Amino acid sequence: MAEPQRPTTAIGKTADYLDQRTTIGVLVKELARKVFPDHWSFMLGEIALFSFIVLIASGFFLTMFFEPSMALVRYEGEHPANMHGQLMSAAFHSTVEMSFEVRGGLLMRQIHHWSALIFVGSIVLHMFRIFFTGAFRKPREINWIVGLIMLILALAAGFTGYSLPDDVLSGNGLRIIDGVVKSIPVIGSFMSFLVFGAEFPGDDIVPRLFTLHIFVIPGLLIALIGLHLFLMVLQKHTQYPGAGRTDRNVVGYPAAPVYVAKMTGNFFIIAGVLTLMGATMAINNVWNYGPYDPSPVSAGTQPDWYILFVDGALRLMPGPGWEWVIGGYTLSMNLLIPALIVPGILFTLLFAWPFLEARVTGDHREHHVLDRPRNRPVRTGVGVALFVAFMVCALAATNDLIATHFSLDIFAITWALRVLLFVGPAFAFWVTKRVCLGLQRKDRELVLHGHESGRIVRFANGEYVEVHTPLEAEERWLRVNYQSPAPLEIAPLTDARGVRRKGYRSDRRWQRLSRFFYEDRVSPVTPAELAAAHSHGKHDEIKHDKIEHGEVEAKAPTGAGAVGRPKK
């Protein structure tokens with residue numbers, strides 16, 4: 001019996017050793033044969049992942065020099081000169097010292113900050129892509145929930161890291177958090193003491209934020225990223241509609257060697273861009289603001305972009321008349337509504353959206369081919385409305401800067417943005433929905449009649465027509481291969497014996513919601529309609545052939561002639 005071949009190289013021997021003890025070769029083979037579709041928008045998830053890796057690497061460097069303490073010390077460093085001799089917390093002292101005394105410290109701080117901004121931004125864009133294309137549908141509801149939890153953790157990581165230097169900007173942000181926590185009925189004051197360890201600012205908040213920032217939140221994120229990638233591989237990747245793409249296959253490239261090479265190159269590109277940004281674009285220069293002092297509140301300050309919507313909502317909320325005393329307890333609704341209630345409703349809606357949409361469509365099939373946003377007008381309109389609301393709140397968070405830079409009345413700006421916060425998203429939803437329906441009608445027109453060629457011809461009988469170019473099979477498939485759900489149909493109020501049916505009211509509510517989603521719709525072209533259009537189009541094809549062979553006179557129209565498709 002022949003002896004089995006043994007590897008001769010060091011790498012081969014190592015791989016063989018591991019495979020005999022772990023059978024890892026089966027897993028590697030399976031992953032290497034995994035097919036991934038190719039589209040630029042899938043890069044958004046990769047940008048988030050690679051930014052997180054840069055965050056971990058740069059954060060590991062920073063933890064070796066940062067001192068998470070609020071003990072007061074005096075700064076004796078030579079640079080910056082305006083800080084020399086000032087009394088400050090050890091956290092702020094170590095941040096300034098890291099920036100000016102540690103070799104590469106300022107570079108690492110700025111790489112870390114830019115990576116955090118790009119990390120959160122890429123997650124938000126990635127979630128928008130998933131929302132607009134319906135990638136959250138069965139079987140990916142769990143992955144959608146995992147992604148939303150990662151977004152919340154990313155926001156928490158950004159805020160906890162932003163607050164660590166204990167400068168004026170981060171201190172003002174913590175002061176706002178203290179006010180929001182205290183606004184919680186009954187338990188607010190106790191929770192504030194629990195968070196800060198004493199009356200604000202206390203002595204424990206920076207060490208506690210440091211523990212959350214470097215240990216708890218990154219650990220949860222790493223676990224959820226692993227779960228997210230595992231589910232993606234297990235369920236196979238979604239793909240955009242196109243020729244040959246169905247819910248039963250994946251058209252793309254194998255993971256090895258194509259995607260391994262592409263992802264490796266993408267990682268180094270993203271890491272290089274973040275390093276270039278950290279080296280050339282100054283950010284969060286805390287020595288310009290000084291150490292935190294609870295007594296003053298500086299104007300013209302804004303948090304990082306991903307917290308702007310909360311800050312803006314707080315500025316837009318009216319103050320007088322929104323503090324209610326009930327049973328001896330003060331309800332600060334001007335804090336509770338914008339900072340807790342509205343974000344809570346928003347994220348609850350986002351968590352429930354996949355199940356809500358499945359319920360109003362009655363569709364519980366697996367979906368691996370993505371939607372074109374135009375084919376889901378209400379979903380696309382809701383996404384655009386949320387984006388507009390975010391932008392209005394972001395503008396509200398800079399209302400003082402807008403007033404000073406453009407010499408405007410800050411109260412007029414605030415009132416204008418209050419109105420726009422309600423009118424803007426509603427108007428954006430209506431416009432987006434109408435645009436989507438118009439694009440669907442345009443698709444029907446193209447499928448039935450083809451592209452306008454711009455060529456006007458005249459026949460011997462004086463008739464003018466425009467020659468249309470028929471669609472290629474792939475383009476026609478893209479514009480017809482989708483489903484347009486109809487509103488839910490429910491059983492009548494009473495059965496055949498006149499007995500009132502239980503659950504009718506609930507079914508009726510779901511039917512109304514389903515009508516909101518799908519009452520205004522444009523159905524895709526059916527095979528029968530396409531066949532009828534093609535049979536009618538034989539006349540156009542005959543004319544086109546005659547024109548090409550010179551059997552029909554083709555002239556530019558003169559005077560007021562009828563221009564368009566021939567009538568039936």
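For the range 463-506, just run the numbers: alpha carbon Rg, then divide by 2.2 N^0.38 Å, N being how many residues it has.
2.53
Hey, can you grab everything whose amide H is under 5 Å from the amide H of His451? Only 5+ residues off in sequence or another chain; H modelled, so Pro and N-termini drop out.
Thr469, Leu471
For the range 150-281, what is the accessible area per residue in Å² when the probe is 1.4 Å?
On a per-residue basis, the range 150-281 sits at 48 Å².
Taking K and R as +1 and D and E as -1, what net charge do the other residues with C-beta under 15 Å from the C-beta of Ile184 add up to?
Neighbourhood net charge equals -1.
In debye to the nearest 20, how big a dipole does the range 66-150 give about its Cα centre with +1 on each Lys and Arg Cβ and -1 on each Asp and Glu Cβ?
Roughly 720 debye, rounded to the nearest 20.
Restricting to bridges with both residues inside the chain, how much of the DSSP beta-bridge set is antiparallel, in percent to the nearest 5?
Of the beta bridges lying entirely in the chain, close to 95 percent run antiparallel.
Go through the range 399-407 residue by residue and turn each phi into a ³J(HN,Hα) via Karplus (6.51, -1.76, 1.60, θ = phi - 60°); whole Hz please, and just put x for glycine and proline.
Listing the rounded values in order: 4, 5, 5, 4, 5, 6, 6, 10, 6 Hz.
Ignoring any ligand, DNA or RNA, what whole percent of the accessible area of the chain comes from carbon and sulfur when the probe is 1.4 angstrom?
Ligands and nucleic acids excluded, carbon and sulfur reach 65 percent.
By the gyration tensor of its Cα atoms, with a ≥ b ≥ c the square roots of the eigenvalues, what is the shape of the range 256-369: rounded for a/c under 1.5, prolate for a/b over b/c, or oblate?
Oblate shape, in that a/c is at least 1.5 and b/c is the bigger or equal ratio.
Checking the a/c ratio against 1.5 first, then a/b against b/c, what shape does the Cα gyration tensor give for the range 286-326?
Oblate is the answer for the range 286-326, as a/c is 1.5 or above yet b/c matches or exceeds a/b.
Please give the helix 410-449 orientation as an angle from the longest Cα principal axis of the chain, in degrees from 0 to 90, rounded to the nearest 10.
Long axis of 410-449 versus the principal axis of the chain: about 30 degrees.
Mind checking the dipole of the range 11-86: about its Cα centre, +1 per Lys or Arg Cβ, -1 per Asp or Glu Cβ, Debye to the nearest 20?
360 debye
Taking K and R as +1 and D and E as -1, what net charge do the other residues with C-beta under 15 Å from the C-beta of His126 add up to?
+1
Which cross-chain or sequence-distant (5 or more) residues have an amide H under 5 Å from the amide H of Gln86, H modelled 1.01 Å from N in plane?
Tyr75
Let me know the volume per residue of the alpha-carbon convex hull for the range 224-273, in Å³.
118 Å³
How much net charge surrounds Lys262 when only the other residues with a Cβ under 12 Å from the Cβ of Lys262 are counted, with Lys and Arg +1 and Asp and Glu -1?
-2
Compare the Cα positions of Ile123, Val286, Ala299 along the charge dipole of the chain (+1 at Cβ of Lys, Arg; -1 at Cβ of Asp, Glu; about the Cα centre) and return the one farthest towards the positive end.
Among Ile123, Val286, Ala299, the one farthest towards the positive end of the dipole of the chain is Ile123.
Under the √(5λ) rule applied to the eigenvalues of the Cα gyration tensor, what semi-axes describe the equivalent ellipsoid of the range 73-232? Give them in Å, descending.
Semi-axes from the Cα gyration tensor: 34, 22, 12 Å.
Could you pull out every residue, at least 5 positions away or on a different chain, whose amide H is within less than 5 Å of the one on Phe36? Hs are placed 1.01 Å off N in the peptide plane, and Pro or chain starts have none.
The list, which skips near neighbours in sequence, is Tyr253, Ala255.
At 222 nm, what value in deg cm²/dmol follows for the chain if DSSP H runs of at least 4 each add -39500 (n - 2.57) and the sum is divided by all its residues, to the nearest 500?
Taking each H run of at least 4 residues, the total per residue is -19000 deg cm²/dmol.
Name the residue farthest towards the positive end of the dipole of the chain from the options Val28, Pro207, Leu234, assuming +1 on Cβ of Lys and Arg, -1 on Cβ of Asp and Glu, about the Cα centre.
Leu234
Below 8 Å between Cα atoms, with a sequence gap of 6+, how large is the relative contact order for the chain in percent?
This gives 15 percent for the chain.
Enumerate the whole-percent occupancy of each 10 Å bin, from 0 to the last occupied one, for all C-alpha pair distances of the range 19-121.
All Cα pairs, binned at 10 Å, distribute as 13, 27, 23, 17, 12, 8, 1 percent.
Mind putting a number on the dipole of the range 303-413 about its Cα centre? Charges go on the C-beta only, +1 for Lys and Arg and -1 for Asp and Glu, and I need it in Debye to the nearest 20.
It works out to roughly 460 debye.
Rounded to the nearest whole Å², what accessible area per residue is found for the range 336-470 with the 1.4 Å probe?
Normalised by residue count, the accessible surface of the range 336-470 is 50 Å².
Within the P(r) computed for the chain, what percentage of the Cα pairs occupies the region above 47 Å?
33 percent
Lys/Arg Cβ at +1, Asp/Glu Cβ at -1, dipole of the range 460-518 taken about the Cα centre: which of Phe516, Ala460, Pro470 is farthest positive-ward?
So the residue furthest toward the plus end is Phe516.
The values are calculated or read from the model by the stated rules, or taken from the named source; none is laboratory data. It should be emphasised that the depicted structure is a prediction, and the values quoted were computed from it without experimental measurement. A quick note on method: Cβ atoms are made from the backbone with ideal geometry, for glycine too, and the neighbour counts reach across all protein chains shown. When the accessible area is computed, the model is the full protein with side chains, heavy atoms only, and any ligands, DNA or RNA have been set aside. Shrake-Rupley method; radii C 1.70, N 1.55, O 1.52, S 1.80 Å.
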